[in-house]
Every structure is written in C-alpha cells, then in structure tokens.
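Down below is the structure, laid out as structure tokens.
The values are calculated or read from the model by the stated rules, or taken from the named source; none is laboratory data. Computed from a predicted model, the values in this text were never measured in an experiment. Cβ coordinates were reconstructed from backbone atoms using ideal geometry, including for glycine residues, and neighbour counts include every protein chain displayed. Only protein heavy atoms, including side chains, enter the accessible area calculation; ligands, DNA and RNA are left aside. Shrake-Rupley method; radii C 1.70, N 1.55, O 1.52, S 1.80 Å.
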Amino acid sequence: MLSRSSFTSLVVGVFAVYVVHTCWVMYGIVYTRPCPAAADGAAGGCVWPYLARRPKLQLSVYTTTRSSIGAESNIDLVLNVEDFDVESKFERTVNVSVPKKTRNNGTLYAFVFLHHAGILPWHDGKQVHVVSPLTTYMVPKPEEVNLLTGESATQQIEAEKQTNALDEPVSHWRSRLTLNVMVEDFVFDGSSLPADVHRYMKMVQLGKTVHYLPILFIDQLSNRVKDLMVINRSTTELPLTVSYDKISLGKLRFWIHMQDAVYSLQQFGFSEKDADEVKGIFVDTNLYFLALTFFVAAFHLLFDFLAFKNDISFWKKKRSMIGMSTKAVLWRCFSTVVIFLFLLDEQTSLLVLIPAGIGAVIELWKVKKALKMTIRWQGLRPRFQFGAYNDSEKKTEEYDAQAMKYLSYLLYPLCIGGAGYSLLNVKYKSWYSWLINSFVNGVYAFGFLFMLPQLFVNYKMKSVAHLPWKAFTYKAFNTFIDDIFAFIITMPTSHRLACFRDDVVFLVYLYQRWLYPVDKSRVNEYGESYEEKSKKKAHRE
C-alpha cells in the first residue's frame with residue numbers, strides 16, 4: 001500500500017512524463033523532415049511543390065445541395081477570383097441564394113476549386129477542391145422576456161410555438177468561409193509523408209518527378225457559434241464572408257490536428273456550443289500565448305487533482321469541528337451548487353461545468369461530515385441523524401453564530417435589493433432563470449462575505465492550525481491560474497470576477513497564517529495536538 005507522499009510523488013512523476021511527451025508530440029507536429037535528396041538536387045524519392053512553377057491560378061466557389069457534383073448545371077457560382085495570388089490575403093462578402101430544400105432544414109454545401117486560370121475546374125486535370133457544409137444544426141437559444149411586464153397575446157402565442165420547438169435542432173447558416181493555401185516550397189520525402197497532410201495532397205507526375213498540387217484547406221475552427229444565423233423559410237438570400245490567407249506547413253499540420261480533436265469531442269457527445277469554446281481558445285489566442293496556455297492548463301489539472309485529493313483526505317480524517325466554521329462549510333456548499341446550476345442554465349462550456357459539478361458533489365459530502373450526519377434507510381425513506389458537539393466545538397459555534405449575525409445585517413438587504421433590481425430591469429428566459437441568477441449574483445458579489453466567519457473564528461481562537469493548509473496551497477495556485485483562464489475561456493462575467501475575489505480572500509488567510517504562529521498544544525485539523533501524539537509515542541516505547 002503506497003503512502004500519501006509516495007502516491008503524490010507518483011502523480012507528479014506521471015505528470016512530468018506527460019508534459020515531456022506532449023512537448024515531443026507537439027515538436028513532431030510542427031517540424032517536418034525534408035527530403036534528404038533535395039539538398040543534392042536529386043529527384044529520386046522526393047515530392048516537389050507544384051507552386052514552385054508559379055502557375056496562373058483561379059479561385060472559384062460554388063454552392064449546391066448535393067455533397068458531390070457531377071455536372072455544371074447542379075451548382076451555383078458565388079465567387080470567382082481571377083489571377084488568384086496565393087501570397088495575398090483578402091476578404092469578400094457575397095450574397096448566396098438559399099434553395100427551398102435548404103430553407104426546409106436541408107443542407108447547403110460549398111465547393112471551393114483552385115484551378116488554372118481560364119479553364120473551368122471540371123475541365124482542369126490539375127485542379128484541387130475541398131467541400132464544406134454552409135449549414136449546421138443546433139438548438140436555438142430561447143428568447144428572454146421581462147417577467148413582470150409580460151407580453152401581448154400575439155407574442156405569447158409566438159413564444160409558445162418557439163418553446164415547443166426549443167428542443168429540436170434547426171438549420172443555421174455559417175456566415176464565414178475561411179480558406180488557406182500552404183505556400184512553402186517544401187520538398188517532402190515520398191517514403192515518409194506526414195499522414196495528416198497526406199490526405200489533403202494530390203500528386204501528379206511531371207516528367208521524371210512527382211509533384212504535389214497546391215494544398216487547399218478550409219479552416220473549420222473559424223466557424224464560431226456567434227457567426228451562425230437561423231435560416232427562416234422566408235429567407236431567399238444570406239451573406240457569406242469568404243476570407244483567404246496563406247499558411248505555413250507547421251501551422252497547417254497543427255491546425256489539422258486541432259480540427260480533428262474538436263471533431264472527436266463532438267463524436268464523444270460535446271455539443272456545437274461546447275466545441276465552440278474549444279475553437280475559441282485556438283482562434284482567438286496568439287499561438288505563443290496558446291502554447292503557454294497548454295502548459296499552464298497542465299499544471300492546473302495537476303493542482304486540481306492534488307487539491308481534491310488533500311481536501312478529501314482532510315475531511316475523511318476529520319473527527320472534530322473545533323476551529324472550523326460550520327456556517328462557512330454550509331455556505332460554501334450552497335454557493336457551489338448554485339454556481340453549478342447557474343453554469344448549467346447558461347449552457348457554459350464543459351471545460352468549466354465539469355469541475356464545478358465535481359466540486360459541488362465534494363462540498364455536499366463535506367456538509368455531511370461537518371454536521372456529523374448519518375443516513376439510515378427505512379425502506380425507501382431516508383432518516384437523518386445528527387451527532388452531538390463537545391464543549392470546544394460549541395465554543396466555535398458561538399463565534400460562528402456571532403459572525404453570521406453581523407453579516408446578516410449587511411448581506412440580506414444587498415441580496416434582496418439586487419434580486420428586485422434585476423427583476424425590474426433585466427430580461428430572463430423564465431422565473432427559474434431569474435431565481436438562479438439572483439442567487440448566483442449574490443454568491444459572486446457578496447459570497448466572499450460568507451468566508452469571513454472562518455476568518456472571525458481564526459481571530460477569536462488566535463489559531464489557523466485547524467485549517468487544511470495543503471489543500472489551500474494547491475487551491476491558491478489554481479486561483480492564480482484561474483486568473484489567466486478568466487481571459488481565455490468564455491464564461492459569464494460574474495464568474496470571471498469571482499476568480500479575482502478569491503485572490504483577496506486567500507491573501508487574508510496568509511496574513512492570519514503569519515500572524516498566528518503554530519502552537520503545538522492546540523489541536524490540528526484532525527482533532528489532535530502535537531503534544532498528545534508525542535505522549536502516545538513515548539507510551540508505546
């Protein structure tokens with residue numbers, strides 16, 4: 001059986017191996033070994049770039065309701081760029097006719113051709129093309145209304161129609177199409193072509209040498225939920241913004257892997273909105289900052305695990321509530337559950353939702369330990385029993401109740417006033433949404449006040465030895481990491497501000513740690529004192 005320190009060392013060791021392995025994999029993605037024979041000018045075994053011949057190219061974008069095309073009459077030309085320069089970026093907005101089939105929840109595809117200038121793409125043997133759907137299916141966001149003023153009868157009927165169809169995905173228009181061409185004159189080794197790029201390559205034999213045609217790529221990561229538009233049956237035309245920029249080989253390979261990762265998330269059950277949060281990390285962030293984010297996220301995962309492990313270990317061995325604020329434990333549980341329900345109601349990214357859900361379950365278990373609660377089942381009906389507190393624990397409860405009394409004079413009026421103000425001035429999807437938002441706004445805005453009872457108990461007892469400092473340390477590291485993620489991952493503004501609030505509270509705890517030095521005669525977090533353990537040890541000897 002491994003000891004706690006050995007297990008922690010094992011976890012840290014596995015984490016270090018994981019980081020090194022990830023760095024090696026990332027290096028293998030962005031670095032491609034060129035053909036050795038190319039340096040000597042030999043052609044054997046090498047695959048040469050067709051773009052090095054500097055051909056005159058033309059870019060054509062067509063739309064059709066079919067996923068494959070066989071005749072010119074089945075498609076509509078929406079964009080034609082003559083004398084296309086692969087080195088020059090551009091952005092153009094065109095109007096696309098929406099067929100009746102697409103308006104009835106059908107799909108519309110974009111076929112992008114890169115071919116020789118002056119030749120129709122289906123007559124050009126050296127053309128390359130890619131296909132991308134311009135529509136996607138997603139459940140529309142419910143409309144928000146003022147809960148007090150209500151709506152007219154007509155609006156209510158329309159709202160009821162929309163509500164009945166809220167759970168049914170409808171067709172949405174992707175208003176952006178982002179194109180890239182790999183412009184490096186890179187010579188590949190034909191015996192070791194990268195699998196990720198190979199599927200985008202088309203080879204042609206020119207004399208004694210093999211060439212690969214221009215690598216045309218559609219950036220699916222740029223398709224964001226914020227750019228989607230609901231397709232109504234009365235809509236006949238919709239705007240499409242086509243943008244182009246060159247791309248390097250290293251970035252192309254990285255982007256292909258990231259697109260595959262997002263696709264895998266969707267196959268595992270992630271919704272379009274969840275995948276969009278991941279896309280935002282890649283698209284809206286500088287690549288160097290993105291690399292730092294991956295590195296920091298790995299440490300966040302490690303500290304999350306160690307904090308949960310030490311927190312659970314602390315409460316599992318906890319036999320006494322001396323020096324611990326029960327009210328703070330109850331409030332922390334309530335606030336964590338409310339935050340989880342709020343994030344669920346706001347359809348927040350699973351990157352934020354899953355850790356919040358795990359934290360809520362742990363906080364519920366800690367309440368059971370703090371109240372000394374046991375559950376006995378009588379058939380299908382549970383029966384709750386609560387243990388008794390000793391004199392020292394009752395003294396702690398007196399300090400706890402005194403702190404809560406002072407806080408209630410400030411907290412309750414602020415929360416009630418905030419809920420009333422939001423009811424009058426803010427629109428919500430339902431009364432449940434207003435209730436959850438009111439609770440969570442109180443938690444975010446004034447929640448740190450409920451951490452003050454523990455500070456008050458520490459002040460009265462002149463000790464912090466009863467607190468789980470190992471778990472606090474790991475949570476502190478994660479708090480500062482959360483400050484970084486607050487600017488990267490999409491989340492409600494109130495949740496973002498709460499990350500910075502936790503910094504202030506932890507600094508106060510650190511000040512108390514310095515102010516009240518360790519007294520070995522006081523009980524620790526397990527209800528034991530150092531002197532008691534020394535006596536037990538001497539007795540055994």
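Report whether or not VAL225 is modelled with pLDDT under 90, in contact with a strand residue (DSSP E or B) (Cβ under 7 Å, 6 or more places away or on another chain) and not hydroxyl-bearing (Ser, Thr, Tyr). Judged against the criteria, VAL225 is not a match. Each residue in the stretch 116-132 was checked for being among the charged types (D, E, K, R) and assigned to a helix (DSSP H, G or I), and 0 of them qualify. For TYR263, the requirement of being in the same structural domain as VAL128 (by the TED database), at pLDDT 85 or above and hydroxyl-bearing (Ser, Thr, Tyr) is not met. ARG92 - would you say it is touching a helix residue (DSSP H, G or I) at 6+ places or on another chain (Cβ under 7 Å) and not aliphatic (A, V, I, L, M)? No. Pairing each residue of the stretch 253-267 that is within 9 Å of PHE282 (Cβ to Cβ) with any residue that is acidic (Asp, Glu) and outside any helix (DSSP H, G or I), provided the two are 6+ apart or on different chains, yields C-beta distances under 7 Å for TRP255/ASP219.
In the set (1) more than 29 Å from the chain's Cα centre (by Cα); (2) open to solvent by less than 80 Å² (accessible area, probe 1.4 Å); (3) among the β-branched types (Val, Ile, Thr); (4) at pLDDT below 90, VAL183 fails one condition alone, (4).
Does the stretch 78-98 contain at least one residue that is of a type in the set (S, T, N, Q), modelled with pLDDT under 90 and more than 28 Å from PHE186 (Cβ to Cβ)? There is no residue in the stretch 78-98 that is of a type in the set (S, T, N, Q), modelled with pLDDT under 90 and more than 28 Å from PHE186 (Cβ to Cβ).
Going residue by residue through the stretch 320-327, is there one that turns out to be outside the structural domain of LEU221 (by the TED database), outside any loop (DSSP other than H, G, I, E, B), modelled with pLDDT of 70 or more and within 16 Å of the chain's Cα centre (by Cα)? No, the conditions are met nowhere in the stretch 320-327. With the condition kept exactly as written, say whether any residue in the stretch 367-390 is assigned by the TED database to the domain that holds ASN437 and either closer than 17 Å to LEU455 by Cβ or of a type in the set (Asp, Glu) (or both). Within the stretch 367-390, none of the residues are assigned by the TED database to the domain that holds ASN437 and either closer than 17 Å to LEU455 by Cβ or of a type in the set (Asp, Glu) (or both).
Inspection of the stretch 376-398 finds a residue satisfying the criterion of being out of contact with any Cys (no Cβ under 8 Å at 6 or more places or on another chain), outside any helix (DSSP H, G or I) and in contact (Cβ under 8 Å) with a residue 60 or more places away in the chain. Of note, SER313 does not satisfy the criterion of being without any contact (Cβ under 8 Å) to a residue 12 or more places away in the chain, part of a helix (DSSP H, G or I) and of a type outside the set (Phe, Trp, Tyr). In this entry, ARG176 passes the filter for residues that are under 23 Å from SER60 (Cα atoms), assigned by the TED database to the domain that holds PRO49, among the basic types (Lys, Arg) and surrounded by 16 or more Cβ atoms within 10 Å (Cβ to Cβ). Candidates in the stretch 214-225 are the residues that are assigned to a loop (DSSP other than H, G, I, E, B) and crowded, with 19+ Cβ neighbours inside 10 Å; of these, the one that is nearest to the chain's Cα centre (by Cα) is ASN223. Taking the stretch 56-115 and the strands (runs of 3 or more DSSP E) fully enclosed by it, the elements with 3 or more residues that are under 33 Å from the mean Cα position of the chain (by Cα) are at 90-97. Reported count of residues in the stretch 40-77, each being in contact with a strand residue (DSSP E or B) (Cβ under 7 Å, 6 or more places away or on another chain), open to solvent by 70 Å² or more (accessible area, probe 1.4 Å) and at pLDDT 90 or above, is 2.
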